[in-house]
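Engineer: So that we are looking at the same thing, I have put the structure below in structure tokens.
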Amino acid sequence: MDQIPVRKPTQKRALSKRSQIAPFIVMDVMTAAAEREAQGRDVIHMEVGQPGTPAPRLALEAAANAMKSETLGYTVALGIPELRERIARHYAEQYNLSVPTERIVVTAGSSAAFVLSFLALFDPGMRVALPSPGYPCYRHILTSLDIEPVIIETSETHRWMPSVGDLDTVGRLDGLLLASPANPTGTMLTGDRVRELTEGCDQRGIWFISDEIYHGLTYAEDAKSALAFSDQVVVINSFSKYFSMTGWRIGWMVVPDQMVRAVERLAQNLYISPTTISQYAALAAFEAREELEQHREVYAKNRELLLDALPDIGFKNILPADGAFYLYADVADFTNDSKSFARRLLDEAGVAITPGLDFDERRGNQFVRFSYAGTTSDMEAAVKRLRSWFQNFRS
């Protein structure tokens, strides 16, 4: 077999400025954990926001049937009509909201929905507010598109969530994006605060993008959708979290009427269509409510276990998270380097967690995030490892 000739370029060639975004640190932790496992060493995964359960049985059966009966070619860019109609019915059943099917866009996970919404709403140089701590890919995607992320630092006092008044403290804004329940804190806006932010954005002419990917995963009261308060919001959701289908890469958006065709054109050119087999699986997943609620009960048990054990181990400052499957812990009493702390915990105890620097560039060196999306037996084992390791760490 002929070898490909290796030639040195005559001139140095640079990569684009758009590519010079920060890494998604949790994925780097996941890679380090995988390397450890490849060496035959055991790891308990508390780093990635990924359910430890497979897709629902009905979704797996639907995928198998689709492989036998469907050609699995391209679908229309907005998604198969049956799935869009079922998503509309989901809003009627879960939120008592009437959402026109025409406003629903099926996407290749929520990540594609963020790209589509940013491209449809914002030109280069526009400014979009984000809470900090917050999901890092928001600011990374915005930066790669030459849209300016405007950081609003939140505090424990306000449950790590911004207020309407914060919108007037950071200069001109074109958009606001936040998640409720939130990643990494697990805290959630009450219905009144969702209304205030939604109406506040409408009054200021600011686009509000509501990331509702963790809806369904709440432990006291149900989450409120921004769609209840305005038809001019963009709502993004996914089958990755509550529906336990991370690797299927399937999600959806609800967009204002005037945005539908713009998103459709972008989707046609960027993605052609969402993954076909995943759409059929997602359609069936809506009927797996009993199984999915059993998953949520496991997360609730894991949450209580960690909220009881972690303060006793030494993680004193943790808000009792309202939803999602994360706890955000202050580690300032014993380290100012959450990245090294997380690396040592992985290397020495085999427990993978995420340093807060992923979520808060200025203050994240003093925080870590625990994901309790795994099995209860894994959480119990992690507590034992943490307790033993922490005694040596502090001695």
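Since every read-out is calculated from the coordinates, none of them should be taken as a lab result. Everything numeric in this text was worked out from a predicted model, so none of it was measured. Quick reminder, even Gly has a Cβ in these numbers, built from the backbone with ideal geometry, and neighbours come from all protein chains shown.
Engineer: How about segment 258-364: which trypsin sites (Lys or Arg not before Pro) there lie in a loop by DSSP and see at most 15 other Cβ atoms within 10 Å?
Structural biologist: In loop regions of segment 258-364 (DSSP not H, G, I, E or B), the sparsely surrounded trypsin sites (Lys or Arg not before Pro) are Lys316, Arg362.
Engineer: Then there's this: From the P(r) of segment 57-287, can you give the percent of Cα pairs sitting at distances over 29 Å?
Structural biologist: Numbers: 6454 of 26565 pairs.
So the portion of pairs separated by more than 29 Å is 24 percent.
Engineer: Can you tell me which of Phe334, Phe367, Phe243 moves the most in a GNM of the chain? Springs connect C-alpha atoms under 10 Å apart.
Structural biologist: For the chain, modelled as a Gaussian network with Cα springs under 10 Å, the answer is Phe334.
Engineer: Determine the alpha carbon to alpha carbon distance for each of Lys241/Lys384; Lys339/Lys384; Lys224/Lys316 and list only those over 24 Å. Could the numbers behind the result be given before it?
Structural biologist: Values: Lys241/Lys384 27 Å; Lys339/Lys384 22 Å; Lys224/Lys316 30 Å.
In this structure, Lys241/Lys384; Lys224/Lys316 lie more than 24 Å apart at Cα.
Engineer: Among the DSSP beta bridges whose two residues both lie in the chain, what percent are antiparallel, rounded to the nearest 5?
Structural biologist: Values: 17 of 35 bridges.
Here the antiparallel bridges make up roughly 50 percent for the chain.
Engineer: Which of Ala220, Ala88, Ala34 moves the most in a Gaussian network model of the chain with Cα springs under 10 Å?
Structural biologist: Evaluated over the chain, the most mobile residue of the options is Ala220.
Engineer: Counting other C-beta atoms within 10 Å, and keeping those with at most 15, which DSSP coil GluC sites (Glu not before Pro) do you find in segment 291-362?
Structural biologist: Passing sites in segment 291-362 are Glu361.
Engineer: Quick one: among Ala288, Ala342, Ala324, which has the greatest mean-square fluctuation in a GNM of the chain with alpha-carbon springs under 10 angstrom?
Structural biologist: Looking only at Ala288, Ala342, Ala324, the biggest GNM fluctuation is shown by Ala288.
Engineer: If you don't mind, there's one more thing I want to ask. Based on Cα positions only, what radius of gyration and what Dmax would you give for the chain, in angstroms?
Structural biologist: When restricted to the Cα atoms of the chain, Rg and Dmax are 21.6, 68 Å.
Engineer: Follow-up question, since we're still on this one. As a test, work out the antiparallel percent of DSSP beta bridges whose residues both lie in segment 57-287, rounded to the nearest 5.
Structural biologist: The antiparallel proportion sits near 35 percent.
Engineer: Further question: List every residue whose amide H lies under 5 Å from the amide H of Met245, counting only residues 5 or more places away in sequence or on a different chain, with H placed 1.01 Å from N in the peptide plane.
Structural biologist: Amide H to amide H, under 5 Å and 5 or more residues apart or across chains, Met245 pairs with Ser240.
Engineer: Please give the length that would be gained between Ser69 and Ile272 if that part of the chain were fully extended, namely 0.36 nm times their separation in residues minus their C-alpha to C-alpha distance (nm, one decimal). The partial results should precede the final answer.
Structural biologist: Details: separation 203, 0.36 × 203 = 73.08 nm, distance 2.18 nm.
Here the answer is 70.9 nm.
Engineer: How much mean residue ellipticity at 222 nm does the chain get from its helices, if each DSSP H run of length 4 or more adds -39500 (n - 2.57) and you divide by all residues, to the nearest 500 deg cm²/dmol?
Structural biologist: Working: 11 runs with 155 residues, N = 395.
One gets -12500 deg cm²/dmol as the mean residue ellipticity at 222 nm.
Engineer: Further question: Out of the trypsin sites (Lys or Arg not before Pro) in segment 72-179, which ones are loop residues according to DSSP with at most 12 other C-beta atoms within 10 Å? Walk me through the numbers before you get to the answer.
Structural biologist: Details: sites: Arg84, Arg86, Arg89, Arg103, Arg127, Arg139, Arg159, Arg172; in loops: Arg159, Arg172.
The qualifying sites are Arg172.
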